[in-house]
Structure formats: structure tokens, C-alpha cells
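Reading through the C-alpha cells given below for one structure.
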Amino acid sequence: MLTHAIVTATGGLEMTIGQSGASTLVRLNGRVNIDSSPEFRDQLLALLQRESSEAIMVDLSDVPYMDTSGMATLVEALKIARHRKIVFCLRGLTGSVLHLFEVTGLLALFEASGCLTSSSESNES
């Protein structure tokens, strides 16, 4: 069964949360910054507390900007997911968001989880 919820956070970040069985997809659209990341964090933590979620995928394809508060939210979620043995993945890292993950060294942290995907991967040989 597939369910959807759309949440608009302060700062205009739109989160679409879809659940299919034990997997959850969180699609973000907009800027993840100091204004929007607290509500994004609340949504992620709620998803991670559900007993039924075995995997959570966060799609960043439509995120043109992320600051350190957004990155901190994702790192916190990854830590909780690992502790709870929930697969936590990112996909759609592009442009300045991908660059930020690369220069901070966080890209390797998420790659270690085994399911990080970005559009640049399909362009590399």
C-alpha cells in the first residue's frame, strides 16, 4: 500500500513522504536551511521512530541549496538509523549540494552506508 503526505516547512521547504510497505521515500523540494531544517528534522526523527520503517530514502534532486543545519540533520538521522538498524540513503545529490558534501567529507560517510546515489555517478566513467 502506498501512502503520501505533503508537509511544507517554515522557509518554503516542501516534503513529500511516501510509504510503500516497510520503505519510506522523503522527497524534498526547496532550500534546506536554518529556517526549514528544524521541521525537516522533526519529520525524519518521527519516521525513524516508527517500528515499520526498514528503509528511508531522502531524495535531494530538487534541493538547490543546503546549509550546515540541513547537513547536521542528515548526519543525525544517519546515526539514529544505524543504531536502529534502518537503512538510510540519500539520492539526487547535485550541484552545490553535492559539492558541499564532497568538501566537508560527509559524502564518504553516506557512501559507506552503501546506497548513496547522485546524478554525477552516471556521468563518471
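The values are calculated or read from the model by the stated rules, or taken from the named source; none is laboratory data. Just so we're clear, the structure is a prediction, and the values are computed from it rather than from any experiment. Positions of Cβ are generated from backbone atoms using ideal geometry, with glycine treated the same way; all protein chains shown enter the neighbour counts.
Taking the criterion of being under 13 Å from the mean Cα position of the chain (by Cα) and not in a helix (DSSP H, G or I), the only residue of the range 66-85 that qualifies is Met66. Met57 satisfies every condition listed in (1) over 22 Å from Val103 (Cα atoms); (2) in a loop (DSSP other than H, G, I, E, B) except (2). Annotation note: Cβ proximity below 8 Å between a residue of the range 72-94 that is over 10 Å from Leu48 (Cα atoms) and a residue that is polar (S, T, N, Q) and modelled with pLDDT of 90 or more (sequence gap 6+ or interchain) occurs for Ala72/Ser37; Thr73/Ser37; Arg91/Ser61; Gly92/Ser61; Thr94/Ser61. Could you list all residues from the range 39-65 that are under 17 Å from Gly21 (Cα atoms) and surrounded by fewer than 18 Cβ atoms within 10 Å (Cβ to Cβ)? Those that are under 17 Å from Gly21 (Cα atoms) and surrounded by fewer than 18 Cβ atoms within 10 Å (Cβ to Cβ): Ala46, Gln49, Arg50, Glu51, Ser52, Glu54, Ala55. When Thr68 is tested against (1) crowded, with 18+ Cβ neighbours inside 10 Å; (2) over 17 Å from Ala22 (Cα atoms); (3) at pLDDT 90 or above; (4) of a type outside the set (Asp, Glu), exactly one condition is not met: (1). Considering the range 18-41, and only residues there that are among the β-branched types (Val, Ile, Thr) and assigned to a strand (DSSP E or B), the residue that is nearest to Leu100 (Cα to Cα) turns out to be Val32. Taking the range 86-103, which residues are in a helix (DSSP H, G or I), aliphatic (A, V, I, L, M) and within 20 Å of Ser36 (Cβ to Cβ)? Correct list: Val97, Leu98, Leu100.
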